[in-house]
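The values are calculated or read from the model by the stated rules, or taken from the named source; none is laboratory data. Given the structure is predicted, the values throughout are model-derived calculations rather than measurements. Keep in mind that these areas ignore ligands, DNA and RNA; they rest on the heavy atoms of the full protein, side chains included. Shrake-Rupley method; radii C 1.70, N 1.55, O 1.52, S 1.80 Å.
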Amino acid sequence: MKSLKLALVAAEVLGVDWNRIRVVAADSALTPKDNGSYSSRVTFMVGNAAIHAATQLKQMLIEAAAKKLDAKPE
């Protein structure tokens, strides 16, 4: 359920359908074992991190498209 909420947040920022977003949670090959965090504070922190990441991605995509189309990012 948490992944769905993060996908919805990112999709909203990016302006795409949430089904196009894939949330990869703690890959055990890359992250240490953790028992998890369970509170509304975590939802707030991770949600804002998702918004920030999606905003950065959107800007990168806009700049790449502008370069490809020989147009201004605005």
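Points worth noting:
- With a Cα cut-off of under 20 Å and a minimum spacing of 8 residues unless on different chains, the lysine pairs in the chain number 5.
- Taking the protein heavy atoms of the chain in the context of the full set of protein chains, the accessible area attributed to carbon and sulfur is 60 percent at 1.4 Å.
- Using just its DSSP H runs of length 4 or more, each adding -39500 (n - 2.57), the chain gives a mean residue ellipticity at 222 nm of -19500 deg cm²/dmol after division by all residues.
- Potential lengthening of the chain between Leu30 and Trp18 amounts to 1.8 nm, from the contour at 0.36 nm per residue minus the alpha-carbon distance.
- What the phi angles of the range 64-74 give under the Karplus curve with 6.51, -1.76 and 1.60, with θ = phi - 60°, is a coupling list of 5, 5, 4, 4, 5, 8, 6, 9, 7, x, 4 Hz, glycine and proline written as x.
- Taking amide H as placed 1.01 Å from N in the peptide plane, the amide H of Ile21 sits under 5 Å from none that are at least 5 places away or on another chain.
- 3J(HN,Hα) couplings calculated from phi for the range 3-20 with the Karplus curve 6.51 cos²θ - 1.76 cosθ + 1.60 (θ = phi - 60°) are, in sequence order, 4, 4, 4, 5, 4, 5, 4, 5, 4, 4, 5, 7, x, 10, 5, 4, 5, 8 Hz; Gly and Pro show x.
- Residue among Leu14, Leu30, Leu57 with the largest mean-square fluctuation in a Gaussian network model of the chain, springs linking Cα atoms under 10 Å: Leu30
- Taking only the C-alpha atoms of the chain, Rg followed by Dmax gives 15.2, 49 Å.
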